[in-house]
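What follows is a set of notes on a single structure, which appears directly below.
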Amino acid sequence: MLQVSYIRDNREQVLERLAVKNFKQPELVDEVIGLDDKRRQTQTQLDNVSAQSNAAAKQIGELMRNGKKEEAEAIKANTGKWKEEGKQLSELLGAVEQELQDKIVLLPNLPHASVPKGITPEENEVVLEHGAIPALPTGSLPHWELATKYNLIDFELGVKITGAGFPVYKGKGAKLQRALIAFFLDEAEKAGYEEVMLPLMVNEASGFGTGQLPDKEGQMYFVGQDNLYLIPTAEVPITNLYRDVILKGDELPVRNTGYTPCFRREAGSYGAHVRGLNRLHQFDKVELVQVVHPDTSYDVLEQMSAHVQGLLQKLGLPYRVLRLCGGDMSFTAALTYDMETWSAAQGRWLEVSSVSNFETFQSNRLKLRFRNAEGKTQLAHTLNGSALALPRIVATLLENNQTENGIKIPEVLVPYTRFEWID
RNA sequence: GGAGAGGUGUCUGAGUGGUCGAAAGAGCACGCCUGGAAAGUGUGUAUACGCCAAAAGUGUAUCGAGGGUUCGAAUCCCUCCCUCUCCGCCA
């Protein structure tokens, strides 16, 4: 959520930045400013009325204590008017605040100056490519066929017990999942992140805090009986650990990592591009979250990007890094790097990580602040990134490393899998 | 799920209708004291929004959340959330 005071003071710039994100309702900016004017005006009026009646109440109290009942009664006669006025003003204020809130949450975050203008994924900027694209021998298979051939994943069993998009991992397939999770968590710990293990369901306030609600309501599974949402990413519970928190200056930066399953309804996704592990309703992911001083957030973003790239390099996967264009970026991000690995058998890039700086967009909703050098409270910057999402990593590992003798496990994973080949 | 108790500031904890943003203590910050430290001592120590060009200042709101009663609510009433104890159930 953008800060009203910022919008008020930087109207032109806000409109300019929103245009980069291809935002379709620029008129909301002026509506927000108008509502804020009205809000402030109404609050001033209400405060004045309250001050009057507070003073009168105090006076009545004193008179009563001194036994001057008649004089107290005389003042009481005036209070009805203020009460009525106050009631009306506070109802008006409530309505204006609600309307302001309803509009301001529709404004996406402002993109960073380096974000390219653009609408479609084709307009994303390729920052770098790393690693040679492997040439597979003829007869090589896509991962869903390899998964069946080596008895690693059973998609039909998942359909039977739950539904499409809920695969069952078996044998070395299951062990590979566990190995990747442990490897990613260990790497994060080495990089200074503290591990957390989290609830997989969150309440409405948490969904709002990180920006999933109200605009992406339909993408989360909802447990209506208890009003809880299944998390679409560990970002939600981790970042919400710091909701309504004022950190001491020396507590920054906060670095957390967590493994969780992620649940996504993915309504409206069908067809060949969601085949196999490409798009699932439940998948595993290790997430990184940082809460940092605003001055350092873009340096930290580069560090997180480097960390993710390091993982891909250790796994020996060819990848590229994209700087997302305005139109392809999420609602909440100011700058996002996507990491994609090359899926050799499918012949296309698969997104395996997304690293973003949200600046104060989340912290404003979360009321996540720190005490700055002047001793005043200030909104912190939040960042997060996947490091990494498992299914597409598994897909490319299986496809890219297939040989006539089986699938070779990357060396860094062998201590975790305790087998070198899937055969 | 049933019965009971309770939710006050960073913490402990007072406060059952008015002078309460809230006693007292601890903690923390700064100062004095000291060769240095401890002890002692003094001062300060919530957040948000508004008014003001800004600072100073000042107004309003906040004692789990929301509503109600009242001239006036931390205090009374209602609803919800949470914690604890006992019972039930249970990995």
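The values are calculated or read from the model by the stated rules, or taken from the named source; none is laboratory data. Everything numeric in this text was worked out from a predicted model, so none of it was measured. All Cβ positions, even for glycine, are placed from backbone atoms using ideal geometry, and neighbour counts span all protein chains on display. For the accessible areas, the whole protein counts, side chains as well, though only heavy atoms, and no ligand, DNA or RNA atoms are used. Shrake-Rupley method; radii C 1.70, N 1.55, O 1.52, S 1.80 Å.
What number of residues within segment A:398-419 are in a helix (DSSP H, G or I) and open to solvent by 10 Å² or more (accessible area, probe 1.4 Å)?
So in segment A:398-419, the residues in a helix (DSSP H, G or I) come out as A:398-400, A:411-417.
Filter once more, so that each one left must be open to solvent by 10 Å² or more (accessible area, probe 1.4 Å): A:400, A:411-412, A:414-416.
Qualifying residue count for the region: 6.
Rundown of residues vs (1) in a strand (DSSP E or B); (2) touching a strand residue (DSSP E or B) at 6+ places or on another chain (Cβ under 9 Å); (3) at pLDDT below 90; (4) on the phi < 0 side of the Ramachandran plot, yes/no style:
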| site | (1), (2), (3), (4) |
| --- | --- |
| A:PRO116 | no, yes, no, yes |
| A:VAL127 | yes, yes, no, yes |
| A:PRO137 | no, yes, yes, yes |
| A:GLU145 | no, no, no, yes |
| A:ASN151 | no, no, no, no |
| A:LEU157 | no, yes, no, yes |
| A:PHE166 | no, yes, no, yes |
| A:GLY173 | no, yes, no, yes |
| A:LEU176 | no, yes, no, yes |
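Suppose we filter segment A:149-180 for residues that are more than 19 Å from A:GLU399 (Cβ to Cβ), touching a Lys or Arg at 6+ places or on another chain (Cβ under 9 Å) and touching a residue at least 60 places away in the same chain (Cβ under 8 Å); how many remain?
Within segment A:149-180, residues that are more than 19 Å from A:GLU399 (Cβ to Cβ), touching a Lys or Arg at 6+ places or on another chain (Cβ under 9 Å) and touching a residue at least 60 places away in the same chain (Cβ under 8 Å) number 1.
Can you tell me which residues in segment A:328-348 are in a strand (DSSP E or B) and surrounded by 20 or more Cβ atoms within 10 Å (Cβ to Cβ)?
Within segment A:328-348, A:LEU335, A:THR336, A:TYR337, A:ASP338, A:MET339, A:GLU340, A:THR341, A:TRP342, A:SER343 meet the criteria.
Mind listing just one residue for me: the one in segment A:38-50 that is among the charged types (D, E, K, R) and near RNA strand B (Cβ under 8 Å from one of its atoms) and, of those, surrounded by the most Cβ atoms within 10 Å (Cβ to Cβ)?
A:ARG39
Could you check, for segment A:63-71, whether at least one of its residues is assigned to a helix (DSSP H, G or I), more than 7 Å from RNA strand B (Cβ to nearest atom), modelled with pLDDT of 90 or more and open to solvent by less than 40 Å² (accessible area, probe 1.4 Å)?
The first filter runs over segment A:63-71 and keeps only residues assigned to a helix (DSSP H, G or I), leaving A:63-65, A:69-71.
Adding the requirement that they be more than 7 Å from RNA strand B (Cβ to nearest atom) leaves A:63, A:69-71.
Remaining after also requiring modelled with pLDDT of 90 or more: none.
No, segment A:63-71 has no match at all.
Can you tell me how many residues in segment A:109-144 are closer than 25 Å to A:LEU317 by Cβ and among the hydrophobic types (A, V, I, L, M, F, W, C)?
9
In segment A:367-386, is there at least one residue being of a type outside the set (Phe, Trp, Tyr), on the phi > 0 side of the Ramachandran plot and in a strand (DSSP E or B)?
Restricting attention to segment A:367-386, the residues satisfying the condition of being of a type outside the set (Phe, Trp, Tyr) are A:367-369, A:371-386.
When the remaining residues are screened for being on the phi > 0 side of the Ramachandran plot, the result is A:367, A:375.
So of that shortlist, the ones also in a strand (DSSP E or B) come out as none.
Scanning segment A:367-386, I find no residue that is of a type outside the set (Phe, Trp, Tyr), on the phi > 0 side of the Ramachandran plot and in a strand (DSSP E or B), so the answer is no.
Only one residue in A:GLU359, A:GLU374 is over 18 Å from A:ARG279 (Cβ atoms), out of contact with any strand residue (DSSP E or B) (no Cβ under 9 Å at 6 or more places or on another chain) and open to solvent by 40 Å² or more (accessible area, probe 1.4 Å), so which one is that? Don't jump to the end; show me each part of the working.
Working: A:GLU359 fails: out of contact with any strand residue (DSSP E or B) (no Cβ under 9 Å at 6 or more places or on another chain).
Of the residues listed, the single one that is over 18 Å from A:ARG279 (Cβ atoms), out of contact with any strand residue (DSSP E or B) (no Cβ under 9 Å at 6 or more places or on another chain) and open to solvent by 40 Å² or more (accessible area, probe 1.4 Å) is A:GLU374.
Please count how many residues of segment A:278-327 are of a type in the set (Gly, Ala, Ser) and open to solvent by 10 Å² or more (accessible area, probe 1.4 Å).
Of segment A:278-327, the ones of a type in the set (Gly, Ala, Ser) are A:297, A:305-306, A:310, A:316, A:326-327.
Checking which are open to solvent by 10 Å² or more (accessible area, probe 1.4 Å) leaves us with A:306, A:310, A:316, A:327.
The qualifying residues number 4.
Quick check on this structure: which one of A:ILE75, A:ILE104 is touching a helix residue (DSSP H, G or I) at 6+ places or on another chain (Cβ under 9 Å), closer than 23 Å to A:GLY211 by Cα and within 15 Å of RNA strand B (Cβ to nearest atom)?
A:ILE104
So which residues in segment A:203-219 are in contact with a Gly (Cβ under 9 Å, 6 or more places away or on another chain) and open to solvent by less than 50 Å² (accessible area, probe 1.4 Å)? Break it down stepwise before answering.
Of all residues in segment A:203-219, those in contact with a Gly (Cβ under 9 Å, 6 or more places away or on another chain) come to A:213-214, A:216-217.
The answer is A:LEU213, and nothing else.
Out of the residues in segment A:1-33 that are within 23 Å of A:PRO214 (Cβ to Cβ), more than 14 Å from RNA strand B (Cβ to nearest atom) and free of Cβ contacts under 8 Å to residues at least 24 places away in the same chain, which is most open to solvent (accessible area, probe 1.4 Å)?
Looking at residues that are within 23 Å of A:PRO214 (Cβ to Cβ), more than 14 Å from RNA strand B (Cβ to nearest atom) and free of Cβ contacts under 8 Å to residues at least 24 places away in the same chain, I get A:LYS24.
A:LYS83 - would you say it is open to solvent by 40 Å² or more (accessible area, probe 1.4 Å), touching a Ser or Thr at 6+ places or on another chain (Cβ under 8 Å) and over 30 Å from A:THR332 (Cβ atoms)?
For A:LYS83, the condition - open to solvent by 40 Å² or more (accessible area, probe 1.4 Å), touching a Ser or Thr at 6+ places or on another chain (Cβ under 8 Å) and over 30 Å from A:THR332 (Cβ atoms) - is met.
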